[in-house]
1. Which one of Gly14, Gly88, Gly29, Gly48 is more than 30 Å from Ala133 (Cβ to Cβ) and either in the same structural domain as Phe129 (by TED's automatic domain parsing) or touching an Asp or Glu at 6+ places or on another chain (Cβ under 6 Å) (or both)?
2. Might you let me know whether segment 1-20 holds any residue that is among the aliphatic types (A, V, I, L, M), surrounded by 13 or more Cβ atoms within 10 Å (Cβ to Cβ) and closer than 19 Å to Ser117 by Cβ?
3. Go through segment 71-96 and give me each residue that's farther than 25 Å from Ser49 by Cα and either at pLDDT below 95 or hydroxyl-bearing (Ser, Thr, Tyr) (or both).
4. Which of (1) touching a strand residue (DSSP E or B) at 6+ places or on another chain (Cβ under 9 Å); (2) over 29 Å from Leu146 (Cα atoms) does Asp118 not meet, given it meets every other one?
5. What tally of residues in segment 125-138 results from selecting those that are in contact (Cβ under 8 Å) with a residue 12 or more places away in the chain, crowded, with 16+ Cβ neighbours inside 10 Å and part of a helix (DSSP H, G or I)?
6. Given Leu61, Leu110, Leu81, Leu139, which one is of a type outside the set (Phe, Trp, Tyr), at negative phi and in the same structural domain as Leu16 (by TED's automatic domain parsing)?
7. Here are some residues: Ser122, Ser141, Ser147, Ser171. Which one is part of a helix (DSSP H, G or I), under 18 Å from the mean Cα position of the chain (by Cα) and over 30 Å from Arg80 (Cα atoms)?
Amino acid sequence: MNFAKLNRVLHRWGALAVALPVLLVILTGLLLLLKKDLAWIQPPTQKGSSQELSLSFDRILEVAQSVPEAGIESWDDIDRLDVRPSKGMLKVRSTNRQEIQIDARTGEVLQVAFRRSDFIESLHDGSFFHENAKLWLFLPSALILLSLWVTGIYLFLLPYLVRRKQKKKASAQ
């Protein structure tokens, strides 16, 4: 089997092997590109009353606990705090993906919304499926995709290389 034929076979089977993981990465990547533009993916960031940050951690927990849909009873139910001093607010993300935006000075709840971007990111990098999916599924898929790119470039250039070789041969005669 010559190199060009082997290249086509590897290209075809490689494309088939990575079709689903690459499709998932492409689709979730498109959604992540739009996360700041679509409130369905990530709630828009609200603005607090001032840039003064005066809430204590106890008060933040108390305000977060006052939002029933977040299901927060203790700090164990909070995944992350995201403080935005320039906006005068902070975001409390619960483990059930609810996001509470709180005025950092008054403690007023500015917005409560479901945040999908973290879930989409976990699909995008494979961690949703298993903690080792990144290394055992998505990394090999990325390497195969790289080889598809290389073999694709070769297959694209092959006719030009053959014609060039034929012209050299013809001019040598």
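The values are calculated or read from the model by the stated rules, or taken from the named source; none is laboratory data. Since the structure is predicted, the reported quantities are computational estimates derived from the model, not experimental observations. Cβ: placed from backbone, ideal geometry, glycine included. Neighbour counts: every protein chain shown.
1. Numbers: Gly14 fails: more than 30 Å from Ala133 (Cβ to Cβ); Gly88 fails: either in the same structural domain as Phe129 (by TED's automatic domain parsing) or touching an Asp or Glu at 6+ places or on another chain (Cβ under 6 Å) (or both); Gly29 fails: more than 30 Å from Ala133 (Cβ to Cβ).
Result of the check over Gly14, Gly88, Gly29, Gly48: Gly48.
2. no
3. Ser74, Thr95
4. (2)
5. Here is the first cut: in segment 125-138, the ones in contact (Cβ under 8 Å) with a residue 12 or more places away in the chain are 125-126, 137-138.
Filter once more, keeping what is crowded, with 16+ Cβ neighbours inside 10 Å: 126, 137-138.
Subset that is part of a helix (DSSP H, G or I): 137-138.
So the answer is 2.
6. Details: Leu61 fails: in the same structural domain as Leu16 (by TED's automatic domain parsing); Leu110 fails: in the same structural domain as Leu16 (by TED's automatic domain parsing); Leu81 fails: in the same structural domain as Leu16 (by TED's automatic domain parsing).
Being of a type outside the set (Phe, Trp, Tyr), at negative phi and in the same structural domain as Leu16 (by TED's automatic domain parsing) holds for just one of Leu61, Leu110, Leu81, Leu139, which is Leu139.
7. Working: Ser122 fails: over 30 Å from Arg80 (Cα atoms); Ser147 fails: under 18 Å from the mean Cα position of the chain (by Cα); Ser171 fails: under 18 Å from the mean Cα position of the chain (by Cα).
Result of the check over Ser122, Ser141, Ser147, Ser171: Ser141.
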